[in-house]
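Trainee: Mind looking over this structure? Questions follow.
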Amino acid sequence: METLDIVIWSGAVVLGIAFIYIFWSYQKNLKGSPRELYLLFFTKLTEYSAYGAMNLTFVLYLSADCGLSDTSAGTVIGVWSMFLTVGIMVIGPVCDAIGIKKTLLIGTIVLLGSRFFLPFTNSVALAFVLGFIPMGIGMAMMGPVLSVGIKRFTTKETAALGFGLFYTMMNVGWAIGAQLFDSIRGYFGEHEILTAPVINWEFSTYQIILALGFVFTVPDLIAILLMRDGVEMHDDGTVTVRPSITEQTGTFLQVLFKVSKKAALDTVNVFKSVAKTKEFWYFLLMMGSLVFVRFVFYHFHYTFPKYGIRVLGEGQNVGSIFGVLNPVMIVFLTPLIASLTKKFSSYKVMMVGTFISAFSIFIATMPETFYEPLMGSWFSELVMDRWLSVPPDLQRPLFLSLVIMVAVFTVGEAIWSPRLMQFMAEVAPKGKEGTYISLSYIPYFASKLIVGPLSGWLVSTYVPEGQESYPMHYMIWVWIGGMAVVSPLSLLILKGLFSGVKNNDEPEENTENASA
């Protein structure tokens, strides 16, 4: 056995033990929680496995199968992403009206329908009406309710552990989805057309990946059917089962309309009340500044698949470079970094983390010759031979620069991302934390109208389909990195505003002693 093999197997064993310990640490303190909590964890794992694979496929499917240009495909995804954000803000209150189980059940059925129809069409109109729109509704219903469920199925003391394990399952699901995305493309080919037996229907490789989303949603339905309605865990550790009673009457669509209308009106009224204060606009300005680094994730999900396939070669494991490496690192780094930074204020942690994430993007803008000395090293063998399985004739330093970029970006993410919600709560006035957090989505929502078409434009401009080489491919990362650095620079510039609006009477230096 070679030295590298020993290192690989030793590392795998260590990480395996570490993961088991992390999972066990969460689970041992959640004993006594109702089975509904673990069913939610299961649905989170399967849902993100499905969505992780589908999300990397959407723009490829819209271009290769539906015939959209890069810019048009990016615009469609941008509009759909906006629709999804609005849905989460407006449809979420449905849970309070009809209960957790019913909301999850209806959302899952809607997802099943959308994910069943999507692989059977290559019409943009049908894909959007029968696939993307209902899928957005289903995901908008599922997302907030899963979080509400964790709160209901844990106590005050165990809620943080519940959300921690929830976050872990989500990242494991992302990694599984990205690995499936690469494995299916590697097995069937990038642009193969296959005829399904029995039904005699032709499917492309991308449609097969989308169909996998339907397959993964079926066990979700089974898990939700096993849940009991009206389950709640109290702070004393007791669990009660009382079927939810609602004053809402009528069909589901009538209830959905009533509750969504009320939620929309409440949001407008709340916005009017807080908009009168300058502190809110300072808060919104700071949340808007963070959008730039948060949209790096958007580009990894929607810009990178096309970029990777065209620049690195068809069939390459482009999904794994971010979709596997990032969530796996996050699972192990987040608890470690949280313990190391708990004595520092959220503002300082956010600024350092976003600085690392934003400037990491420029690693991919360096000339490939800069990484040439790494070729033939144990690192290149580990990355290209053992992990990504790159054929010898296609191996190039760009693979290494992209992996290094993602790894450094993830270190920064593990620093700033878990502190984002705490950061928002800290700057919000006492008693208005929920309102501020809900309205923090406004700049994120509005900017999606720009980032969607921009994603397609970057791909069509610097890595247009059909060329043999792409000497200007690095410009994509120049644009993404240039926008990302706005976030840490803005946090630095807005330090005075943050100090003025944060809900803390003590001097800033004293906040370093607060726990995370």
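Trainee: Go through (1) within 21 Å of the chain's Cα centre (by Cα); (2) modelled with pLDDT of 85 or more; (3) among the β-branched types (Val, Ile, Thr) for Val148 and report which single condition fails.
Mentor: (2)
Trainee: Among residues belonging to segment 326-337 that are surrounded by fewer than 21 Cβ atoms within 10 Å (Cβ to Cβ) and not β-branched (Val, Ile, Thr), point out the one that is nearest to Ile450 (Cα to Cα).
Mentor: Met329
Trainee: Out of all the residues in segment 376-397, which are assigned to a helix (DSSP H, G or I) and crowded, with 18+ Cβ neighbours inside 10 Å?
Mentor: Of everything in segment 376-397, those that are assigned to a helix (DSSP H, G or I) and crowded, with 18+ Cβ neighbours inside 10 Å turn out to be Ser380, Val383, Met384, Pro397.
Trainee: Hey, among Gly173, Gly164, Gly113, which residue is modelled with pLDDT of 90 or more, of a type outside the set (Phe, Trp, Tyr), in a helix (DSSP H, G or I) and open to solvent by 10 Å² or more (accessible area, probe 1.4 Å)?
Mentor: Gly113
Trainee: Could you say which residue among Ser345, Ser360 is closer than 28 Å to Leu449 by Cα, among the polar types (S, T, N, Q) and surrounded by 17 or more Cβ atoms within 10 Å (Cβ to Cβ)?
Mentor: Ser360
Trainee: Another question, if that's okay. Which of the residues belonging to segment 439-454 are part of a helix (DSSP H, G or I) and either closer than 14 Å to Arg294 by Cβ or modelled with pLDDT under 85 (or both)?
Mentor: Hits for segment 439-454 are Leu439, Tyr441, Ile442, Pro443, Tyr444, Phe445, Ala446, Ser447, Lys448, Leu449, Ile450, Val451.
Trainee: Has segment 60-82 got any residue that is closer than 17 Å to Gly136 by Cα, without any contact (Cβ under 8 Å) to a residue 60 or more places away in the chain and part of a helix (DSSP H, G or I)?
Mentor: Yes; the residues of segment 60-82 include at least one that is closer than 17 Å to Gly136 by Cα, without any contact (Cβ under 8 Å) to a residue 60 or more places away in the chain and part of a helix (DSSP H, G or I).
Residue by residue, here is whether (1) over 30 Å from Ile106 (Cβ atoms); (2) touching a Phe, Trp or Tyr at 6+ places or on another chain (Cβ under 9 Å); (3) at pLDDT 85 or above holds:
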position	(1), (2), (3)
Ala12	yes, no, no
Leu15	yes, yes, no
Tyr48	no, yes, yes
Gly52	no, yes, yes
Asn55	no, yes, yes
Asp65	no, yes, yes
Thr75	no, no, yes
Ile88	no, yes, no
Ile91	no, no, no
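Trainee: How about segment 342-377: which of its residues are over 23 Å from the mean Cα position of the chain (by Cα) and over 24 Å from His299 (Cβ atoms)?
Mentor: Lys342, Lys343, Phe344, Ser345, Lys348, Thr369, Glu372, Pro373, Leu374, Met375, Gly376, Ser377
Trainee: Across segment 176-206, which residue is surrounded by the most Cβ atoms within 10 Å (Cβ to Cβ) among those that are in contact with a strand residue (DSSP E or B) (Cβ under 9 Å, 6 or more places away or on another chain) and under 27 Å from Phe304 (Cβ atoms)?
Mentor: Thr205
Trainee: Considering only segment 23-30, I want to know if a residue exists there that is among the charged types (D, E, K, R) and under 18 Å from Ala175 (Cβ atoms).
Mentor: No, because not a single residue in segment 23-30 is among the charged types (D, E, K, R) and under 18 Å from Ala175 (Cβ atoms).
Trainee: Within segment 48-79, how many residues are touching a Gly at 6+ places or on another chain (Cβ under 7 Å), under 23 Å from Tyr444 (Cα atoms) and crowded, with 20+ Cβ neighbours inside 10 Å?
Mentor: The qualifying residues number 12.
The values are calculated or read from the model by the stated rules, or taken from the named source; none is laboratory data. Because the structure is predicted, anything quoted here is derived from the model rather than measured. Every residue, glycine as well, gets a Cβ built from its backbone with ideal geometry; the counts of neighbours run over all protein chains shown. These area figures cover heavy atoms from the full protein model, side chains too; ligands, DNA and RNA do not enter into them. Shrake-Rupley method; radii C 1.70, N 1.55, O 1.52, S 1.80 Å.
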